[in-house]
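The values are calculated or read from the model by the stated rules, or taken from the named source; none is laboratory data. Keep in mind it's a predicted model, so treat the numbers as computed, not measured. Cβ: placed from backbone, ideal geometry, glycine included. Neighbour counts: every protein chain shown.
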Amino acid sequence: MRKSIVVLIVAVLAVAAGAVVLSLSAPVLDEEVEYRLTSLYYRGQEISSQVDGDEVLDLLEGASRGLISRGGLPAHSFRDMVEVNVVGGEEALHVVLSMEDGLFAVYQDPSYAIREGEALAAAVEALLPA
C-alpha cells in the first residue's frame, strides 16, 4: 500500500514537471495567427525584397522557443546578424539570428531564446541573396 502511494506521488510530480517544461516552450509563431513579414535585415541592410518572405515565415513556424535562461542573452556584434520582423494579430516579433555570436532570440515581452537556433539561422541564411 505504501509503495503504491509513493509511486503515485512520483507519477504526479513527473506529470507536473512535464507540464511546466512544456509551458516554458512554445512555437516561435502561434499557428493560429496569420503573420506577415514586415522587414528582414542582413548585416544592417534591408533585404526583404530579395527574399521569399513566405519561406522565412515557414521556417519560423517550425521553430520553437523557451524563456531566456538566467544568464540572459549574449551580446552581439551585428556583423552576420539576420533580423526578421513580423506582425500577426496584435503581436509584433523581432527575431534575431547571429551564428557568430550564438544569439538566437525572439524579442517581445518577455524575450525568448530560440531552441535549435543554429539550425534555424543556417536555414534562413540559405534563403539570403549571395
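A few points about this structure:
- Qualifying positions in segment 1-47 - at pLDDT 90 or above, under 17 Å from Ser64 (Cα atoms) and surrounded by fewer than 10 Cβ atoms within 10 Å (Cβ to Cβ): Glu32
- Being β-branched (Val, Ile, Thr), touching a helix residue (DSSP H, G or I) at 6+ places or on another chain (Cβ under 8 Å), in a strand (DSSP E or B) and at pLDDT 90 or above holds for only one residue in Val56, Val84, Val96, Val124, and it is Val84.
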